Amino acid sequence: MPEPEDANSTMPKDGTKNNQELGPKAAAVQEVTVTTTKPPSMSKSMGSPEAMTFEGCSSSKGCFRHGKKGCTPMTCTVALTYTVSKNSVSIAMSAAAQGWVGIGFSDDKLMGKDDVYACVNHKGKVQVDHYFNPGGYSGSQYQVVNPVYDVRTLFKNGRISCSFKRKLSGELVTSMTYDLTKAYYNIYAWGQIIDSTYNNAKIIRHEPEHPPVSTMKLVLSKYEDERQDNAANKQQSISFMMVAALVIAMAL
């Protein structure tokens, strides 16, 4: 998930202060440069994704919904479902966003060292890209080999929708492509794209100050039905900023 060096963002995992040179008046949203040594993997869409439903959540599929209480897959700010079959997982995402929506798999609730899959709207054409968020706040997102397949995408009425499959484990597993038979926190985020060129693409950070995170580590084959409303996420952001301000003040 694209993450800039932002003075108001989550503290780096190593506990050090971040972006001191920006000063207290730094903009709340900073740009981050996506760099790659080769063109990013482009997964060709096979058509539009099937209509998402929340039927069977926690029994026949895992679900995540973020928005107003009682929202549907087409009215939630973000909606996601996943199903596991043998050694593969099928993930479907939908978000009220112009630029991108993604899910990151992380060992903790902080950004950094995350295996990320994002549905990215490149000038009206949506594709599924694979990113790896390096540790801390390096300011770069490294695009790596894309292990997704059976990709289906759609951008309609200001909403990004996509579905794709990925093997859970096997030869594809590296330090930047995680073994999804293991438990991880799921981080959900979305945002806008400033420039969708493939080299030195500039993407602004996620729109929620602190993206929704699963309440516990999840194993994808054990289906959960997670619901988070906008008000709760906003309160979480306010609480975090209060704590962060205290930590920074104590460090001065």
Selection from the stretch 190-227 of residues at pLDDT below 90 and open to solvent by less than 50 Å² (accessible area, probe 1.4 Å) yields GLY191, ILE193, SER196, ALA201, ILE203, ILE204, ARG205, HIS206, PRO208, GLU209, HIS210, PRO211
Taking the stretch 131-158 and keeping only residues that are part of a loop (DSSP other than H, G, I, E, B), modelled with pLDDT of 85 or more and farther than 16 Å from PHE105 by Cα, one is left with ASN157, GLY158
Search the stretch 147-176 for residues that are more than 13 Å from SER45 (Cβ to Cβ) and among the β-branched types (Val, Ile, Thr) and pair each with any residue that is part of a loop (DSSP other than H, G, I, E, B) and open to solvent by less than 50 Å² (accessible area, probe 1.4 Å) when their beta-carbon atoms are under 6 Å apart and the residues are at least 6 apart or on different chains.
-> VAL173/ASP179
Starting from residues that are acidic (Asp, Glu) and modelled with pLDDT of 50 or more, keep the ones in the stretch 16-73 and report whichever is farthest from GLY102 (Cα to Cα).
-> GLU55
So, in the stretch 46-65, of the ones that are surrounded by fewer than 14 Cβ atoms within 10 Å (Cβ to Cβ) and of a type in the set (A, V, I, L, M, F, W, C), which residue ends up nearest to GLU226 (Cα to Cα)?
-> ALA51
When residues of the stretch 66-84 are filtered for being open to solvent by less than 30 Å² (accessible area, probe 1.4 Å) and part of a strand (DSSP E or B), how many remain?
-> 7
Among the residues of the stretch 85-95, count how many are farther than 18 Å from VAL126 by Cα, open to solvent by less than 40 Å² (accessible area, probe 1.4 Å) and not hydrophobic (A, V, I, L, M, F, W, C).
-> 1
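The values are calculated or read from the model by the stated rules, or taken from the named source; none is laboratory data. These numbers come from a predicted model, not from an experiment. Backbone-built Cβ (ideal geometry, glycine too); neighbour counts: all protein chains shown. Side chains are part of the model used for accessible areas, which takes the heavy atoms of the whole protein and leaves out ligands, DNA and RNA. Shrake-Rupley method; radii C 1.70, N 1.55, O 1.52, S 1.80 Å.
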